[in-house]
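What follows is a single structure, written as structure tokens, with notes after it.
Computed from the coordinates by the stated procedures, all read-outs in this text should not be read as laboratory data. No experiment lies behind these values; they were computed from the predicted model shown.
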Amino acid sequence: MIRLAIVSLVIAAVLAILGFGGAAGTFVGIAKILFFLAIALFVIFLVLGLLAGKGIKNAID
């Protein structure tokens with residue numbers, strides 16, 4: 001997902017250089033959404049992984 005955000009930023013940069021400001025702004029918005037979504041999913045899965053690890057450790061002991 002981070003890769004898609006970076007690709008969107010590169011497309012936005014190319015569009016901005018070519019003078020398509022509206023489309024470039026749209027791609028920047030898409031990149032922001034993808035970036036924050038990736039960060040949120042990372043945090044959620046990090047917490048779930050830590051909780052699952054503690055549950056397995058307690059089950060083994």
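Axis of helix 21-60 versus longest Cα principal axis of the chain: the two differ by about 10°, to the nearest ten degrees. P(r) for segment 10-61, from all Cα pairs and a bin width of 5 Å, is 4, 20, 14, 11, 10, 8, 9, 6, 6, 5, 4, 2, 1 %, short bins first. What's the angle, to the nearest 10 degrees (0 to 90), between helix 2-18's Cα axis and the longest principal axis of the chain? Long axis of 2-18 versus the principal axis of the chain: about 10 degrees.
In a Gaussian network model over the chain where Cα atoms closer than 10 Å are linked, find which of ILE39, ILE17, ILE30 has the largest mean-square fluctuation. Comparing ILE39, ILE17, ILE30 in the GNM, the peak value goes to ILE17.
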